[in-house]
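What follows is a set of notes on a single structure, which appears directly below.
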Amino acid sequence: MYVPPRIVTNDDLSALVDTNDEWIRRRVGIAQRHIAVTETTADLAAKAARNALDSAGIDAASLDMILCATVSADYVSPNLACMVQKQLGALCPAYDINAACSAFLFLLETAAGYFARGKAKTILVVGAERMSRIVDWSDRGTCVIFGDGAGAAVLGAGDGYLDSVITVRGGDSVIKIPHHAGKSPFWDGNCEEPYIQMNGQETFKYAVNAMCGDIHTLFDRNGLTPDDIAWIVPHQANYRIIESAAKRSGIPQEKFYMNIERLGNTSSASIPMALDELSRAGKLTRGDKLILTAFGGGLANAACLLTW
Ligand code: COA
């Protein structure tokens, strides 16, 4: 993982909008987030990618594919993966997937397809976000939630990716991030600001239902009980969402990894960053079964079961 060094506290935000540390901690569970000052989304992504390559002990020339997840790329084109390829000095194909906060799990599913067809041996997957670029810093309902960061993993073909579930309920009424409106002299329609708009309460309900439903699908299909799972690694959107999902699914909350207090919601980067923290803290043992679970814009949700 990589996060930019600048830490922004809740007190820092209360100087910008009508909010306070107590409200943000109690309603969302965030104390601070990292915010980029000069680094681009591609810089964050490439730094996480280099860390992943170092820990895998391979160089960029050995990669067969680079897949990136983002909703906050620096450009529409070239896509983020192209810019990561350039920074790493790799030569392999590279492209992005946009599925908002669930996108890292879409990358794993896509990579599994390449491995199954024998089209790749080593794939770099990266979730990277500069959410600070796409939040409206005058909207207290969203600007307190998000943070910047990137997480990456080097994947090899194997039998550790056991099962997955992906669901899309397409629509723009709950969460949307409009593109820049453009300046067409012919356009006579709506022109929206290119910032996140979110119905918090609808997102909350969707998130809890999605996580519980996906976890139970994976449990039922694979004959598992909570005792079989070492960790559930959820997308870090709101402490209370994870707490409600734990309560409703009957799984002890200690099995749900949480770092939202320190990092905020980093969208597609949150799951790979959480995995990196777990791994570096020595909390993962080879053979552990993990469930990764995410939800967000689309609306989309996804979960997968894997053996570490
Ligand atoms: N500071 C202080 N007060 C705030 C605030 C802030 N940052 N943001 C909203 N409020 C106020 C509201 O204006 C409202 O005031 P009112 O009662 O006077 O109208 C009150 O707090 C309650 O607002 P509400 O929106 O009902 O709060 P909530 O408990 O639903 O929490 C979210 C808001 C956004 C934190 C919560 O709905 C949430 O986390 N939703 C999911 C979001 C998410 O996961 N997004 C990412 C998708 S991947």
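The values are calculated or read from the model by the stated rules, or taken from the named source; none is laboratory data. Not measured: the values here are computed from a predicted model. As a convention, Cβ positions derive from the backbone with ideal geometry for all residues, glycine included, and neighbour counts pool all protein chains shown. What goes into the accessible areas is simple: the full protein's heavy atoms, side chains included, and nothing from ligands, DNA or RNA. Shrake-Rupley method; radii C 1.70, N 1.55, O 1.52, S 1.80 Å.
Among the residues that make up segment 90-101, is at least one of them in a helix (DSSP H, G or I) and either within 17 Å of Val3 (Cα to Cα) or modelled with pLDDT of 95 or more (or both)? Break it down stepwise before answering.
We begin by selecting, within segment 90-101, every residue in a helix (DSSP H, G or I); these are 100-101.
Now drop any that are not either within 17 Å of Val3 (Cα to Cα) or modelled with pLDDT of 95 or more (or both), which leaves 100-101.
Among the residues of segment 90-101, at least one is in a helix (DSSP H, G or I) and either within 17 Å of Val3 (Cα to Cα) or modelled with pLDDT of 95 or more (or both), which makes the answer yes.
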*Can you spot a residue in segment 243-253 that is closer than 19 Å to Val165 by Cβ, within 20 Å of the chain's Cα centre (by Cα), open to solvent by 60 Å² or more (accessible area, probe 1.4 Å) and of a type outside the set (Val, Ile, Thr)?*
no
*asked:* Against the condition under 25 Å from Ile242 (Cα atoms) and of a type in the set (Val, Ile, Thr), how does Val28 come out, does it pass?
replied: yes
*asked:* Let me spell it out: the conditions are (1) within 15 Å of the ligand (Cβ to nearest atom); (2) acidic (Asp, Glu); (3) farther than 30 Å from Ser279 by Cα; (4) free of Cβ contacts under 8 Å to residues at least 24 places away in the same chain, and Glu202 meets all of them except one. Which number is the exception?
replied: (4)
*Restricting attention to segment 129-147, and to residues there that are over 17 Å from Tyr2 (Cα atoms), in a helix (DSSP H, G or I) and touching a strand residue (DSSP E or B) at 6+ places or on another chain (Cβ under 8 Å), which single residue is least open to solvent (accessible area, probe 1.4 Å)?*
Thr142
*Look through segment 264-281, keep the residues that are open to solvent by 10 Å² or more (accessible area, probe 1.4 Å) and of a type in the set (A, V, I, L, M), and return whichever of them is farthest from the ligand (Cβ to nearest atom).*
Ala281
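Return the total of residues in segment 45-66 being more than 16 Å from Met273 (Cα to Cα) and either open to solvent by less than 40 Å² (accessible area, probe 1.4 Å) or aliphatic (A, V, I, L, M) (or both).
Qualifying residue count for the region: 6.
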*Output the residues belonging to segment 12-34 that are surrounded by 14 or more Cβ atoms within 10 Å (Cβ to Cβ) and of a type in the set (A, V, I, L, M).*
Leu13, Val17, Ile24, Val28, Ile30, Ala31
_For Ala100: the one exception among (1) out of contact with any Cys (no Cβ under 9 Å at 6 or more places or on another chain); (2) among the aliphatic types (A, V, I, L, M); (3) within 17 Å of Asn51 (Cα to Cα)_ = (3)
*Return the pairs, sorted by first residue and then second, in which the second residue is among the aliphatic types (A, V, I, L, M) and not in a helix (DSSP H, G or I), the first residue lies in segment 235-247 and is modelled with pLDDT of 95 or more, the beta carbons are less than 7 Å apart, and the residues are 6+ apart or on different chains.*
His235/Ala294; Gln236/Met258; Asn238/Val28; Tyr239/Val28; Tyr239/Met258; Ile242/Met258
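Pick out the one residue from Arg33, Arg27 that is charged (D, E, K, R), in contact with a strand residue (DSSP E or B) (Cβ under 7 Å, 6 or more places away or on another chain), under 30 Å from Arg140 (Cβ atoms) and in contact (Cβ under 8 Å) with a residue 40 or more places away in the chain.
Values: Arg27 fails: in contact with a strand residue (DSSP E or B) (Cβ under 7 Å, 6 or more places away or on another chain).
Going through Arg33, Arg27 in turn, the sole match is Arg33.
Given Leu105, Leu53, which one is closer than 15 Å to Val154 by Cα, within 16 Å of the ligand (Cβ to nearest atom), in contact (Cβ under 8 Å) with a residue 60 or more places away in the chain and not in a strand (DSSP E or B)?
Values: Leu53 fails: within 16 Å of the ligand (Cβ to nearest atom).
Residue meeting the stated conditions: Leu105.
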